[in-house]
Amino acid sequence: MKKVTILIGSPRRNGSTSLLAAEAERGLKDEGVATETVFLNDLKIKGCQACYYCKKNDVAECAVRDDMQKIHQLILESDGLIVASPIYFSGVTAQTKAWLDRMFPYVSMNLVPKLPKSKKVSFIFTQNQPDERLFKGGIAAFMFAVGLSGLTVKDNLIACDLDAGYKPPVTEKKELMDTAYRLGKDLLR
């Protein structure tokens, strides 16, 4: 059975990002894909220590021992990933950025990817600003950096004008919910 890991970088377990990720998960399950959802905020992940253990030993593993080993293992066992993060101060959350920094073992010093290109990744980004173009530069840079690991970037959703408690909930925005569902359904196609 195919498997996808869903990484959620929001500190809010029931916020817009999590709700859209749940819709993507529903799409995956409707395709018969097993899923595992991980809330990065619940883990203890240190930032990259720039020790270069992975480079000096030419290995796709990290010398820092923390909860990131679980994430690395899930990535290796999965056929694909969905990474979901709100946009804070024009970029992904600190939790999501820490995950990205710790993907360093999957990129050689010559920027040769170490993950198989057969693994696909799609992204869900949420923001409170109504203009989708506002943070596109930061979002594009993040997706590019994830792709350096070898993951094939499949799709992304930028869900705008969301702010829990201040604006209508994402569940009332049928188009966004439908898009998230299709993002999951189409990931491994």
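Here, each number is a calculation from the coordinates, and none is a lab measurement. Quantities reported herein were computed from a predicted structural model and do not represent experimental measurements. Note that each Cβ is placed from the backbone with ideal geometry, even for glycine, and that neighbours are counted across all protein chains shown.
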> If you scan region 164-178, which residues turn out to be in contact (Cβ under 8 Å) with a residue 40 or more places away in the chain and assigned to a loop (DSSP other than H, G, I, E, B)?
Replying inline: Ala164, Pro169
> Restricting to region 22-61, what's the tally of residues that are touching a strand residue (DSSP E or B) at 6+ places or on another chain (Cβ under 6 Å) and not hydrophobic (A, V, I, L, M, F, W, C)?
Replying inline: 4
> In region 70-115, what residues are buried (at least 20 other Cβ atoms within 10 Å of the Cβ), part of a loop (DSSP other than H, G, I, E, B) and polar (S, T, N, Q)?
Replying inline: Ser78, Thr93
> If a residue has to be of a type outside the set (Asp, Glu), within 17 Å of the chain's Cα centre (by Cα) and surrounded by 13 or more Cβ atoms within 10 Å (Cβ to Cβ) to count, how many in region 35-66 make the cut?
Replying inline: 8
>> Of everything in region 33-69, what is in a helix (DSSP H, G or I), under 26 Å from Met109 (Cβ atoms) and not aliphatic (A, V, I, L, M)? Give them in sequence order.
In response: Tyr53, Cys54, Lys55, Lys56, Gln69
